[in-house]
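Below is one structure; the comments refer to it alone.
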């Protein structure tokens, strides 16, 4: 009886389907493709590229890369696109990193101390970024510039041109300090110092206004013009003010 039961178990085992063998080039999930290293003030991004895959990044972002990865300067959107980015405070050229002759890895870091965050775009909405907010993005994204109206251009702190990112893929934004997301429901409002803005959906409403009740109060409180955002949507803010840091540095300079 024992021998018969053993033969029965052996037959069941042989009939079970064998697991599929891994392929030579498995498709990586997003969590496997991108990894943030040393989170905090000195975050670095590691990107695993499949064969012939590309990623674009801000100029000078590359720290290290596999020997089969090539890097070249590229004008996203042509000369006019480059000029628009310069007017918005971004750099004229982007880096394009291309994995040739097989998969490879690249390591990217921003120029200033701060954190990085990824935003998944599905093609249904675009994002607006602050100056120096764009860090990197996958091939399916289009980076252009958008002209603001007169009031927002003069007083928002972002200038007349801002960066607009659309398409499908993963967008990486950088900040000065840490990045904090603020979720607003429909009709909810929040007031944000414009120097702390990082990114927001293009569809979100916002207007410029004084932070304090009068110009004297604005001057003495150190708070000038702010942005009032209205939901629904998610606004990304940074914990440090680059203009405040620049003012502090100037204060320490000899003769000041």
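Somewhere in region 200-220, is a residue modelled with pLDDT under 70, surrounded by 14 or more Cβ atoms within 10 Å (Cβ to Cβ) and more than 23 Å from residue 179 (Cβ to Cβ)?
yes
Quick one: count up the residues across region 74-113 that are modelled with pLDDT of 70 or more and in contact with a helix residue (DSSP H, G or I) (Cβ under 9 Å, 6 or more places away or on another chain). Talk me through it step by step, then tell me what you get.
At the first step, the residues of region 74-113 found to be modelled with pLDDT of 70 or more are 74, 93-113.
Subsequent filtering for residues that are in contact with a helix residue (DSSP H, G or I) (Cβ under 9 Å, 6 or more places away or on another chain) retains 93-94, 112.
The number of residues fulfilling the criteria is 3.
Within the group 116, 171, 129, which residue is within 11 Å of the chain's Cα centre (by Cα), within 24 Å of residue 74 (Cα to Cα) and at pLDDT below 95?
129
Would you mind stating whether residue 71 is modelled with pLDDT of 95 or more and either surrounded by 15 or more Cβ atoms within 10 Å (Cβ to Cβ) or not in a loop (DSSP other than H, G, I, E, B) (or both)?
Details: modelled with pLDDT of 95 or more: no; either surrounded by 15 or more Cβ atoms within 10 Å (Cβ to Cβ) or not in a loop (DSSP other than H, G, I, E, B) (or both): yes.
So residue 71 does not fit the description; no.
Can you tell me which residue within region 221-256, out of those that are in a loop (DSSP other than H, G, I, E, B) and modelled with pLDDT of 75 or more, is surrounded by the fewest Cβ atoms within 10 Å (Cβ to Cβ)?
Among residues in region 221-256 that are in a loop (DSSP other than H, G, I, E, B) and modelled with pLDDT of 75 or more, the one surrounded by the fewest Cβ atoms within 10 Å (Cβ to Cβ) is 254.
Within region 54-67, identify whether any single residue is over 20 Å from residue 132 (Cβ atoms), in a loop (DSSP other than H, G, I, E, B) and modelled with pLDDT of 60 or more, and answer yes or no.
Within region 54-67, one or more residues are over 20 Å from residue 132 (Cβ atoms), in a loop (DSSP other than H, G, I, E, B) and modelled with pLDDT of 60 or more.
Please indicate, with yes or no, whether at least one residue in region 171-183 is under 21 Å from residue 232 (Cα atoms) and exposed (fewer than 14 other Cβ atoms within 10 Å of the Cβ).
yes
Please state which one of 179, 191 is at pLDDT 85 or above and more than 21 Å from the chain's Cα centre (by Cα).
Only one candidate qualifies: 191.
The values are calculated or read from the model by the stated rules, or taken from the named source; none is laboratory data. Because the structure is a prediction, the values reported are computed rather than measured. Because the Cβ atoms are built from the backbone with ideal geometry, glycine has one as well, and the counts that use them run over all protein chains shown.
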